[in-house]
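I'd like to ask some things about the structure below.
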Amino acid sequence: MPSPRQPGADWPLEESTALEAGEASVQFEFWGCSEIRESLGIRADTELHLMERIASAPAESIYYHTVRSLLRRRVVPTPFPDDFATWVAVELRDLVLAERLAFPSPFDYPDIEGFRECLLSIFDDHLSRLPSIPRSLFGNPFYFLRGHLVAVPLEVRAWDLRSFRDALSEVDESSLYFHAVECAGPWGRPESTFTAWVQVALGEKELAAALRLDPFITSLKQLRGNLLRILDRALVEQNS
């Protein structure tokens, strides 16, 4: 993930110059991101083809079409959470398979290979029940891609719970994706930079636990709303 300085290695923190009651020992720095796409020259025309390509496609492509689709859904909302389910629903009109593919969250698996195996098992079970293999009705095949993320600092920082809440309400949705998904990852490091900062820098363990939400089952807009509601309740309790 190219960026000026690898913020996902721990979390984007800046030392605070002064501390008052309720202030963090380190500031939170918000980052945004954009994506550059690369075609892999791999396509699928039927459900069987799609299953076979998912089995052999690079892990980065599976990540792009499932986890990274959350970043693109802020621009083009879809009723399904990933590219595979969306293509099956739109091009093949197989809503049963689309809904089954949309159900599992990659955040529930230890790594991308575990999630890939889950998708393949869904395909295998579904196809074994069909008398024939559905093809694309409109001639639009599925093209496998992978993405390269570019992250940039936004010059927006938080030093306490109030400033964190206010900044979170204003930053672009790409910043939400970067901190809640890309820095944390669905496997290996389950902590988003949001929860890590709230727990470590502010010492709010219970609040950090409440902020651990699965973004894959919702949109970034809904994720922001859920996070803000949790922070608003915490601020009310803090001031009472």
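The values are calculated or read from the model by the stated rules, or taken from the named source; none is laboratory data. Note that the structure is a prediction, hence the values are computed from the model and not measured. Please note: Cβ atoms are built from the backbone with ideal geometry, for glycine as well, and neighbour counts cover all protein chains shown.
If I go through segment 151-180 residue by residue, how many of them are among the acidic types (Asp, Glu) and in contact with a helix residue (DSSP H, G or I) (Cβ under 9 Å, 6 or more places away or on another chain)?
So the answer is 1.
Name, by its number, the condition in (1) modelled with pLDDT of 90 or more; (2) not assigned by TED's automatic domain parsing to the domain that holds Arg72; (3) not acidic (Asp, Glu) that does not hold for Ala184.
Going through (1) modelled with pLDDT of 90 or more; (2) not assigned by TED's automatic domain parsing to the domain that holds Arg72; (3) not acidic (Asp, Glu) one by one, Ala184 breaks only (1).
Which fully enclosed helices (runs of 4 or more DSSP H) of segment 28-89 have 3 or more residues being among the charged types (D, E, K, R) and farther than 17 Å from Lys221 by Cα?
Fully inside segment 28-89 and qualifying: 47-56.
For segment 50-76, name all the residues that are without any contact (Cβ under 8 Å) to a residue 40 or more places away in the chain and farther than 23 Å from Val150 by Cα.
Selection gives Glu52, Ser56.
For segment 95-191, which helices (runs of 4 or more DSSP H) that fit wholly inside it have 1 or more residues that are free of Cβ contacts under 8 Å to residues at least 40 places away in the same chain and of a type in the set (D, E, K, R)?
95-102, 112-127, 161-170
A further question follows. Would you mind stating whether Pro134 is surrounded by 13 or more Cβ atoms within 10 Å (Cβ to Cβ), in contact with a Cys (Cβ under 8 Å, 6 or more places away or on another chain) and assigned by TED's automatic domain parsing to the domain that holds Ala85?
So Pro134 fails the test.
Kindly establish whether Pro134 is at pLDDT below 90, closer than 21 Å to Leu50 by Cα and not β-branched (Val, Ile, Thr).
For Pro134, the condition - at pLDDT below 90, closer than 21 Å to Leu50 by Cα and not β-branched (Val, Ile, Thr) - is met.
Next question, about the same structure. Look through segment 214-229, keep the residues that are among the hydrophobic types (A, V, I, L, M, F, W, C) and surrounded by 16 or more Cβ atoms within 10 Å (Cβ to Cβ), and return whichever of them is modelled with the highest pLDDT.
Applying the filter and picking the extreme gives Leu227.
Taking Ala151 as the residue in question, decide whether it is buried (at least 20 other Cβ atoms within 10 Å of the Cβ) and out of contact with any Leu (no Cβ under 8 Å at 6 or more places or on another chain).
yes
Let me ask something else. Could you tell me whether segment 189-206 includes any residue that is touching a Pro at 6+ places or on another chain (Cβ under 6 Å) and crowded, with 20+ Cβ neighbours inside 10 Å?
No, segment 189-206 contains no residue that is touching a Pro at 6+ places or on another chain (Cβ under 6 Å) and crowded, with 20+ Cβ neighbours inside 10 Å.
Checking Glu206 against (1) touching a residue at least 60 places away in the same chain (Cβ under 8 Å); (2) not assigned by TED's automatic domain parsing to the domain that holds Phe80, only one condition comes out false. Which one?
With respect to (1) touching a residue at least 60 places away in the same chain (Cβ under 8 Å); (2) not assigned by TED's automatic domain parsing to the domain that holds Phe80, Glu206 is out only on (1).
Scan Arg129, Arg100 and give me the residue that is surrounded by 16 or more Cβ atoms within 10 Å (Cβ to Cβ), assigned by TED's automatic domain parsing to the domain that holds Ala55 and either touching a Gly at 6+ places or on another chain (Cβ under 8 Å) or charged (D, E, K, R) (or both).
Arg100
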